1. I'd like the full set of residues that are under 11 Å from ILE18 (Cβ atoms) and in a helix (DSSP H, G or I), limited to the range 54-82.
2. May I ask you to list the residues in the range 143-192 that are under 21 Å from ALA128 (Cβ atoms) and free of Cβ contacts under 8 Å to residues at least 12 places away in the same chain?
3. Going through the range 83-119 one residue at a time, which ones are within 21 Å of ALA20 (Cα to Cα), free of Cβ contacts under 8 Å to residues at least 60 places away in the same chain and in contact with a strand residue (DSSP E or B) (Cβ under 7 Å, 6 or more places away or on another chain)?
4. Across the range 171-219, what is the number of residues that are exposed (fewer than 14 other Cβ atoms within 10 Å of the Cβ) and β-branched (Val, Ile, Thr)?
5. Kindly list the number of the only condition in (1) within 15 Å of LEU177 (Cα to Cα); (2) out of contact with any Asp or Glu (no Cβ under 6 Å at 6 or more places or on another chain); (3) aliphatic (A, V, I, L, M) that fails for LEU149.
6. Are there helices (runs of 4 or more DSSP H) fully within the range 93-198 with at least 1 residues that are closer than 22 Å to VAL45 by Cα, in contact with a helix residue (DSSP H, G or I) (Cβ under 7 Å, 6 or more places away or on another chain) and of a type in the set (A, V, I, L, M, F, W, C)? List them.
7. Just to check your reading of the model, which residue among LEU53, LEU95, LEU65, LEU6 is loosely packed, with under 13 Cβ neighbours inside 10 Å, under 25 Å from LEU144 (Cβ atoms) and hydrophobic (A, V, I, L, M, F, W, C)?
Amino acid sequence: MDTDELFEPLRERMLAEIEADTAALAEQLGMRAISERVMASLARVPRHEFVPLEVRPFAYLNRPLPIGFGKTISQPFIVALMTELLELDPAHRVLEIGTGFGYQAAILAELAGSVYSVEIVPELAIQAASRLGRLGYSNIEVRLGNGRLGWPEHAPYDRIIVATAPDLIPAELLQQLKPGGRMVIPAGIPDQQQLLLVQRSLSGRITSKEILPVRFSEMEEDAGPGGTS
């Protein structure tokens, strides 16, 4: 039995728990279920490849897991919810802030045309780029940099997803969001963060909607030099 087969029952349990969490929060979320496309992407991406070896047995638990450097891989339910809120299309260009080990980027790459991911920790950026390449994700580029500044060279983006929480939404990210675009971002002071759905209308008007209280690591200010892709 190969590794994927060993993890299959745990993956099925994770998917069932995501469905249960969504149903339990249906009124608050404004949705009764995660779409089949998003759930299928979660079923395809081997989450155990995106966690450190020492926590691999716990890869499919429906909870955040440590990945080093004071960072975590997000709870699968939150990954599913944020992905669902983006309403991804195969033609979309997506900006991700906070690559981590690359799990969310892989999910995005299953559903969108191209993914540009920015990570502030040099070791994580290098490892994620290598891991995603090894797993065959050719439509993802990873860059070392300050996520608060986005990745202006490839802007504007149809969708932006942020896995680290600023107090306020960075103006640079709003500027890089295409008219008609969506951004999903946690924001607020520690212990009072909200997951926000931000939309830019075709006329350029910005609106935001609170979705759910969340707890993400705070967005860092400084970036390391150089980059990787």
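Just so it is clear, none of the values below were taken in a lab; they were calculated from the coordinates. This structure is a prediction, so every number in the text was calculated from the model and none was measured. With ideal geometry, Cβ positions are generated from the backbone for all residues, glycine too; neighbour counts draw on all protein chains shown.
1. PRO76, PHE77, ILE78, VAL79, ALA80, LEU81
2. Of everything in the range 143-192, just one residue is under 21 Å from ALA128 (Cβ atoms) and free of Cβ contacts under 8 Å to residues at least 12 places away in the same chain, namely GLU153.
3. Across the range 83-119, the qualifying residue is only GLN104.
4. Final tally of qualifying residues: 3.
5. (2)
6. Ranges flagged: 103-111, 122-134.
7. LEU53
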